[in-house]
Each structure stands twice: as structure tokens, then as C-alpha cells.
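Undergrad: Quick one: structure below, then a few questions.
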Amino acid sequence: MINSGSRPFTGLKKNKLATVKSLKAGTAKVDITPPLDIGILMSSVERKWSPFLSIRRPLMCRVLVLSDDDTTVAVVALDLLGLTDTSVGGWKYFKETLGEAVGHINIIVHCTHTHSAPESLALTDLYKNPGFRQWIMHVAQQVKQCVEYAVLKLQECYVTYGSDILEHFSLQRRIVTEKGMQVSHTLQPIPEALFKKKPVDRRIRVVRFISVQSNTVIASIIHAICHPVHEMCIPHISPDYPGVLCALLESGAPSGMPVFLNGAAADINPPTVSCGAACADTHARAIAAIIDHIPFKTVKITPFKHIRRNIQLHPRIFPDAPMLTDCLARINIIRLGDLSIVFLPGEPFVQTGLDIETQSLFKNTLVAGYCENSIGYIPPEYAFEEGGYETGPGRWSYLDTSAESLLKQGALDMLVKAAQQ
């Protein structure tokens, strides 16, 4: 069942910007949990998947539609590992199935990257399973209905923004040792010094869309940067900490409908990997507690713009390398006055996100990864010199060494264009 709603918000009084009528927001959500036999990724290297045993929490689709007189954008957040051109049978066809070609609605798909959702990146042969294809088409139809319902719920809004820092729940996972590059969770117990290793970004950032009429929060974009791998390889369907967080916010704090956007988190892990549901729940509660105390400031909401661009990247040459269609980077940017949100495909490193933000012309820039069709890991050139899992090559990391610089420059060029509009 598709749901929509908002909760009373008492943290801010109405102000002069509350009379601005140029921006509207609407929300909807729906369950997209698969059958248990549409299984979990157990090893990308060995290309293994396994059926689920149970459902710990349902996987959800959450939709936020933003619109003014000229532009309508739907941000679709899915509790999924990711989607590729191959796994959905062609990205253009998939987006048309979502309804993007109808009603002049621009749809941006983001996956929270939970590792306790189906193996939907075509890293194994699961995507060839008829049951998988049937489920993917069901997801597309559910998303389409969600977008349509959110459009019906549009109401005038104003926007606020706030940020704070959450310590000790994320760290730079690429650790150079005498044995070579290792992933942080293999070094147990994790030394306290590793939490100081850079680069890392521990900010929790929130953009709230507040009804002009009722002064209630319609929706909140929650931006955090960390792999959702607390429940990795545990065969129970779960949205991990992003989904738990959204459920907590919906039941308690005045956040309206939460929309979680994972940032440039390719090389950022929690200290607890494959440790189970309790760790995911603890992480979610910690973020919720931070959000409760974030100071918010009103954001100028005009101009409201959306721009998109495709950049053709190329794979390295190795056996079983993906096709060019799985190397097409689809970048989207939303501008809300002096705030911008950059939606990057695949798994960008945290330094890439920081570089884009630092060079952006906007006062505040949020960089989300895992958007549109996944193009795998996007390592900066220095990472190829260091080696490690994220550099592959394999179906999880296949782009050539120029990909990160091309993607970053493309995003920066788009930000300049957005700032000029």
C-alpha cells in the first residue's frame, strides 16, 4: 500500500519565506520487498548469491516530488543494493517504465546500497532468473504509482537545512599494511587510531521541506556517508541502518517522510561489518539522536532547477568486462537557491565527494552516490596505485583510470551551469 503523510513540526516558527509559493513538495512510499528466493549477494569475487531465509524489515521505496511552475523532479530512494543497465534490461526502458516519459517528470533513482537486499547489480547470474525479472518489473510499477501519488499530494513548502557530526560510526576502510591494502573490519579489534585516518566525512546533513499551510514537515532528505554493511552476508532481508533510521524518524521526530541519500561512501565503512541487526539499529538510533539536536536555518528556494548530463566512460580490458552501456555515467543536479544536490552514479570515493563540494559555487552542496544505473567503483588515480578490493578489476570495479577525473569534472561543469541559471 502506498502511504503519504506529515507530522507536526514545532521547531521553527513561520517566517517571511513561508509565503513563497514557487516550490511544492509531495511524498509517497511503498513496500518493494522481494520473494525470499530473490537472494542476497554472498561474494562479488566468486559471483555467489544465496536465497534469503526471512524478512527482518521490509524494503521500501520512498519518493519525494519537488515542483514549481516549470520543473518537476521525483527523487526515488530505494532500499536496494543498486541497479545496473544489465540488471534492469536497459536503463532507458526501465526509466520509461517508471513513467519518466509521461507528464514531464524527471525521475532520479537513488539506492541506499543496503547489502541485505537482493543482488541487483548483475554481479552474479541472479539477474537472469525469471523471478528476478518479474520482481524488477514489479518494483518499476510500484515506483511509477508512488510518483503519481506524490504528485497528487504536492503542497507549497519552504526549506530548511542543518548539519552535525556523528563520531565513531564510520571510518576510512582502506588501510595500508605490510601485507598490502586491507579493509578496516579485518583488523579486529579496530584500533582507535584508525578512526583518525583520513579522508572521511562524518557529517549528518538534513534538508527539510515544510508545508507553508500547516507548518508541518512534508519530507526530510537525510544525507550520510557510510556503507550499510552491518548485516552483510546475513541472509535476512533488511534495509540496514538507512531503513531503520527512516522508520525511527517516521515514528518519532518531526521529519515528515525521510528520504535517505547515501553519499560518496565507496571507501567508508562502519566499524561493525556483518555483526547483525543490533549494530544496524544502534547506528540508526545514533543518527536519529543527532538529527534531534541539529540547528536548522531557512534556505532560499529559488531558483529551483534540475539539470542532467550523460558521460560515456570506458572499462578496462579484462575477461568478462561489462559492456559500454554499463559504463554510461548519468549525473543529475538539483538546485534550490544556494543549495545544490549532486547525484552521482556508482560508488565514488569520499575524497571525490569532498573535492566536488569544495570546488562548488554553492554555499551548501550535498554529493550522493549510488544514483541511476550503477557503474561500479570509481577509484581516484591514487587508489589504483595503492591497489585493494575497490580497484578490481572485476564486475564490481571495471572502469579505467580516467573515470573519476572525468566524472568529477563533469559534475563541476554542471554545477557551474546550475549556478548561472
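Undergrad: Springs between alpha-carbon atoms under 10 Å, Gaussian network over the chain: tell me which of Leu324, Leu249, Leu344 tops the mean-square fluctuations.
TA: Leu324
Undergrad: Also: If you take every DSSP beta bridge fully contained in region 286-421, what fraction is antiparallel? Give it as a percent rounded to 5.
TA: The answer is about 70 percent antiparallel.
Undergrad: Could you line up Ser163, Ser43 from fewest to most neighbouring Cβ atoms inside 10 Å?
TA: Numbers: Ser163 17, Ser43 12.
With the sparsest Cβ surroundings first, the list reads Ser43, Ser163.
Undergrad: If you average the alpha carbon positions of region 355-414 and of region 279-347, how far apart do those two centres end up, in angstrom?
TA: After rounding, the separation between the Cα centres reads 11 Å.
Undergrad: Sticking with this one: Which Cys residues of the chain have no other Cys beta carbon under 4.7 Å away?
TA: That list is Cys61, Cys111, Cys146, Cys157, Cys226, Cys233, Cys246, Cys327, Cys371.
Undergrad: For the chain, with a Gaussian network of springs between Cα atoms less than 10 Å apart, report the residue from Gly276, Gly180, Gly353 with the top mean-square fluctuation.
TA: Checking each option, the largest mean-square fluctuation is seen for Gly180.
Undergrad: Moving on. Can you list the residues, at least 5 places off or on another chain, whose amide H is less than 5 Å from the amide H of His227, using H built in the peptide plane?
TA: Amide H to amide H, under 5 Å and 5 or more residues apart or across chains, His227 pairs with Ile268, Asn269.
Undergrad: Report, in debye and to the nearest 20, how large the dipole of the chain comes out about its Cα centre when Lys and Arg carry +1 and Asp and Glu carry -1 on their Cβ.
TA: In total the dipole reaches around 1220 debye.
Undergrad: Sorted by average packing, counted as other Cβ atoms within 10 angstrom per residue and highest first, what order do 303-309, 78-84 take?
TA: Highest-to-lowest ranking by the protection proxy: 78-84, 303-309.
Undergrad: Less than 16 Å apart at the alpha-carbon level, and either on another chain or at least 8 residues along: which lysines does that give for Lys128?
TA: Lys48
Undergrad: Then there is this: Exposure proxy check: Tyr127, Tyr377 ranked by fewest other beta carbons within 10 Å?
TA: Tyr127, Tyr377
Undergrad: Label region 61-191 by shape, choosing from rounded, prolate and oblate, from the square roots a ≥ b ≥ c of the eigenvalues of the Cα gyration tensor; if a/c is under 1.5 it is rounded, and otherwise prolate applies when a/b is larger than b/c, oblate when it is not.
TA: Oblate, because a/c is 1.5 or more while a/b does not exceed b/c.
Undergrad: Turning to a different aspect of this structure: Looking at this model, which pairs from Lys29/Lys153; Lys92/Lys144; Lys144/Lys417; Lys197/Lys408 are more than 21 angstrom apart at the alpha-carbon?
TA: Working: Lys29/Lys153 12 Å; Lys92/Lys144 15 Å; Lys144/Lys417 30 Å; Lys197/Lys408 23 Å.
Checking Cα-Cα distances, Lys144/Lys417; Lys197/Lys408 exceed 21 Å.
Undergrad: Report the residue, chosen from Ser54, Ser374, Ser22, that carries the largest GNM mean-square fluctuation when the chain is represented by alpha-carbon nodes joined by springs under 10 Å.
TA: Sorting by GNM fluctuation, first place goes to Ser54.
Undergrad: Based only on other Cβ atoms within 10 Å, what is the fewest-to-most ordering of Asp320, Asp326, Asp37, Asp240?
TA: By the 10 Å Cβ count, ascending: Asp320, Asp37, Asp326, Asp240.
Undergrad: Under the rule a/c < 1.5 gives rounded, and otherwise a/b versus b/c splits prolate from oblate, where does region 299-392 land using the Cα gyration tensor?
TA: Oblate.
Undergrad: Can you compute 3J(HN,Hα) from phi for each residue in region 125-133, using the Karplus curve 6.51 cos²θ - 1.76 cosθ + 1.60 with θ = phi - 60°, rounded to whole Hz and x for Gly and Pro?
TA: Each residue's phi maps through the Karplus curve to give 8, 4, 4, 7, 5, x, x, 5, 4 Hz.
Undergrad: When DSSP assigns beta bridges and you keep just the ones with both residues in the chain, what percent turn out antiparallel, to the nearest 5?
TA: Antiparallel bridges make up about 75 percent of those DSSP assigns within the chain.
Undergrad: Then there's this: Place a label point 7 angstrom from the Cα of Ser274 along the Cα-to-Cβ direction, then list the residues of region 218-256 whose backbone nitrogen is under 14 Å away.
TA: Only 229-236 fall inside the zone, counting backbone N under 14 Å.
Undergrad: Run the numbers for Leu36 and Tyr382: contour at 0.36 nm per residue of separation, minus the present Cα-Cα distance, in nm.
TA: Working: separation 346, 0.36 × 346 = 124.56 nm, distance 4.02 nm.
Taking Leu36 through Tyr382 to full extension adds about 120.5 nm, to one decimal.
Undergrad: Mind checking which of Phe343, Ile237, Phe209 is farthest towards the positive end of the chain's charge dipole, using Cβ charges of +1 (Lys, Arg) and -1 (Asp, Glu) about the Cα centre?
TA: Final value for the positive-end residue is Phe209.
Undergrad: Does the chain come out rounded, prolate or oblate, given a ≥ b ≥ c as the square roots of the eigenvalues of its C-alpha gyration tensor, rounded meaning a/c under 1.5 and, failing that, prolate meaning a/b above b/c?
TA: It is rounded, given that a/c, with a ≥ b ≥ c, falls under 1.5.
Undergrad: With +1 on each Lys and Arg Cβ and -1 on each Asp and Glu Cβ, how big is the dipole of region 354-421 about its Cα centre, in debye rounded to the nearest 20?
TA: With Lys and Arg at +1 and Asp and Glu at -1, about 320 debye.
FYI, it's all coordinate maths here, none of it is from the lab. These figures come from a predicted structure and were not determined experimentally. Cβ atoms come from the backbone with ideal geometry, glycine included; neighbour counts cover every protein chain shown.
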